[in-house]
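This is the structure I want to talk about, given as C-alpha cells.
Values quoted throughout were computed directly from the atomic coordinates according to the rules given, and no laboratory measurement underlies them. Everything numeric here is computed off the predicted structure, so don't read it as measured data. Reconstructed Cβ throughout: ideal geometry from the backbone, glycine too, with neighbour counts over all protein chains shown.
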Amino acid sequence: MEDAEKGSQQQSDSIPEVGEDAVTSVTPSPPPPTMTEEERQELQEELVKVEDEIQTLSQVLAAKEKQLADIKRKLGITPLNELKQNISKTWQEVTGSTAYRRTSETLSQASLKATAAFSNVGSAISKKLEDVRNAPTFKSFEGRVETLKTKMSPSTSTSDPGDQNSDTPTAEPLPEDSPTPEQPMN
C-alpha cells in the first residue's frame, strides 16, 4: 500500500505548473501501449509545430515591446511620467469610490462634532473661571496682591530728575516683613 502512495506522489510531482515548459519538466516515459507508431509520429510533428509557433510568438512579442519602447521614447513618455499618470488615475478612482466618499463624510461630521465639543468645553471653562474670579475669596486675594504690589513698587522721587546721578542706585523700599541687611534672618 505504501508503494501505491509513493507512486501517486511521484506522479503528482511531475505534473507541470502553469507556465512551466511541459517538455522539460516531464521525464520521458514510454508511449501508451495503445498508440500506434503513426499516431506517435503525428504527435511528434504537432509538438514541433507548436514549439515553433511559441518561438515565433515570443519573437513577435519582443519586437512589439521594442517598437512600443521606441514610440514612447519619441513621444517623451518616461517611466516616471507613466508612474505619475498611474498614481493620478488611481487617486481619481479612490476619491471617486463610494467608500472614500462615505469615509470623508463621516470624518467631516466627526470634525464638526469635535469642534462643537471643544467650543462647549471652552465656554464651560471660561464660565467657571469667571465664577471663580467673582467669588469673594478671589476678590480678597486679588485685593491683597494689589496691596502688596503697591507696597513693593518704588515711590516717586520728589527731587528733580535732572539732579539724579545715574551712577547712584535708587533705594527701593522693602516690604514690612522682609529682613534688612542689618537684621539677621533667624
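Tell me the residue from A99, A124, A116, A110 that is under 36 Å from the mean Cα position of the chain (by Cα), more than 30 Å from K72 (Cβ to Cβ) and exposed (fewer than 10 other Cβ atoms within 10 Å of the Cβ), please.
Just a single option satisfies the conditions, and that option is A99.
Next up: Scan segment 79-91 and tell me whether some residue there is surrounded by 10 or more Cβ atoms within 10 Å (Cβ to Cβ), in a helix (DSSP H, G or I) and among the β-branched types (V, I, T).
Yes, there is a match, as at least one residue in segment 79-91 is surrounded by 10 or more Cβ atoms within 10 Å (Cβ to Cβ), in a helix (DSSP H, G or I) and among the β-branched types (V, I, T).
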